[in-house]
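The values are calculated or read from the model by the stated rules, or taken from the named source; none is laboratory data. Everything numeric in this text was worked out from a predicted model, so none of it was measured. Virtual Cβ from ideal backbone geometry, glycine too; neighbours counted across all protein chains shown. Heavy atoms of the whole protein, side chains included, go into the accessibility calculation; ligands, DNA and RNA do not. Shrake-Rupley method; radii C 1.70, N 1.55, O 1.52, S 1.80 Å.
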Amino acid sequence: MIKNILTYTKERFPVIPALLLSFLFGFAGIAYANEDSNNFGKILIVSLMMFLFLLRIRLWDELKDFQYDSKHHESRPVQKGILSLSIIKRVALVILFVEISMQLFLPFQTLPLFLLAVAYSFLMFKNFYIKDLENKSFVLFLFSHQIIFIIYILYTLSVGSSYFFIPKSSQDIWIILALFLPTLIYEVGRKVKHRISPKGYATNDTYIYRWGEKRSYAFLLFLYCLQALSISLVIHRLDFLVILQMLAIVIIAILYFIKRKMIIDTSDKWSIALGMYGLIILNFYLL
């Protein structure tokens, strides 16, 4: 069983990047909302809560997309029987129970946002009870499934401040955006190259398939520029580390035109790395 779980996580839920993203997300949110340096407990709990949420959503997606994946992605672990749907259901239920239990150790004022996040994640699992939402409006599908991270950002900031966090300044808005963009970049970045089914055709569950290559990469580069802008406005300066981020964006844009195939083939790696770099910069300045 352990071997099967490791096989599954390697292909469908890389644990190390998810842990890193969760910790950087939790640290930045708590550090911004609370200047008290003794926040390790809150950071640890919020980071673990984010990690468990990401894992639960991954498992719920396995259930939600089972029919589609069985038809177009036959080689995936669940489709090959490495993990059964019954095991995934039980694990997802245990994870939700752990999330609820951990909430008991956090300020009571954060409970409404936690319950909202759980309820919203259930609506995502049900595709908001809109039949064929993904095909009706792929843009609406994307942003309706990303809004939950706004809830988790407000939740994290509320945990850090120990009260219901409400943005009161432009800097508050920029920190929300700076924390939101890495998750959006991760979502888009892993789907800007075609997924090929075992039968040899490109599946329609990617942005490059839905939007076309140029629009997909233009949107991704726009997100990177917006990330650099939001970070510079949070820290109130444009210095070396942010300039390096902007330089990397320019290099990727240039390489797209001169090494197009290489950029596309490695897009799932450099896109996530660059998005994570922005989050690391944010954490560095919030120390």
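Output the residues belonging to the stretch 118-137 that are assigned to a loop (DSSP other than H, G, I, E, B) and either aliphatic (A, V, I, L, M) or within 18 Å of E62 (Cβ to Cβ) (or both). Show your work before the answer.
We begin by selecting, within the stretch 118-137, every residue assigned to a loop (DSSP other than H, G, I, E, B); these are 126, 130-132, 137.
Listed by number, the residues that qualify are K126, I130.
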* To do: Say whether the condition of being at pLDDT below 95, of a type in the set (D, E, K, R) and farther than 27 Å from L274 by Cα is met by at least one residue in the stretch 185-194.
  => no
* Can you name the condition, by its number, that I82 falls short on among (1) surrounded by 13 or more Cβ atoms within 10 Å (Cβ to Cβ); (2) assigned to a helix (DSSP H, G or I)? -> (2)
* Asked: Taking the stretch 105-136 on its own, how many of its residues are among the polar types (S, T, N, Q), more than 17 Å from F66 (Cα to Cα) and surrounded by 15 or more Cβ atoms within 10 Å (Cβ to Cβ)?
  -> 2
* Asked: Hey, among L59, L21, L52, which residue is in contact with an Asp or Glu (Cβ under 8 Å, 6 or more places away or on another chain) and open to solvent by less than 30 Å² (accessible area, probe 1.4 Å)?
  -> L52
* To do: Kindly establish whether S37 is of a type in the set (S, T, N, Q) and at pLDDT 90 or above.
  => no
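With I150, I196, I175, I166 as the choices, which residue is among the aliphatic types (A, V, I, L, M) and touching a residue at least 40 places away in the same chain (Cβ under 8 Å)?
On the way: I150 fails: touching a residue at least 40 places away in the same chain (Cβ under 8 Å); I196 fails: touching a residue at least 40 places away in the same chain (Cβ under 8 Å); I166 fails: touching a residue at least 40 places away in the same chain (Cβ under 8 Å).
That would be I175, the only listed residue that is among the aliphatic types (A, V, I, L, M) and touching a residue at least 40 places away in the same chain (Cβ under 8 Å).
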* Asked: Checking H73 against (1) surrounded by 16 or more Cβ atoms within 10 Å (Cβ to Cβ); (2) touching a helix residue (DSSP H, G or I) at 6+ places or on another chain (Cβ under 7 Å), which test does it fail?
  -> (2)
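Sort through S47, S70 and tell me the only one that's in a helix (DSSP H, G or I), modelled with pLDDT of 95 or more and either farther than 25 Å from K126 by Cα or of a type in the set (S, T, Y) (or both). Don't jump to the end; show me each part of the working.
Details: S70 fails: modelled with pLDDT of 95 or more.
Exactly one residue qualifies, and that residue is S47.
Could you please let me know if I95 is open to solvent by 60 Å² or more (accessible area, probe 1.4 Å) and outside any loop (DSSP other than H, G, I, E, B)?
Criteria not met by I95.
Can you tell me which residues in the stretch 192-229 are touching an Asp or Glu at 6+ places or on another chain (Cβ under 7 Å) and surrounded by 14 or more Cβ atoms within 10 Å (Cβ to Cβ)? Break it down stepwise before answering.
Filtering the stretch 192-229 for residues touching an Asp or Glu at 6+ places or on another chain (Cβ under 7 Å) gives 193, 195, 198.
K193, R195, listed by residue number.
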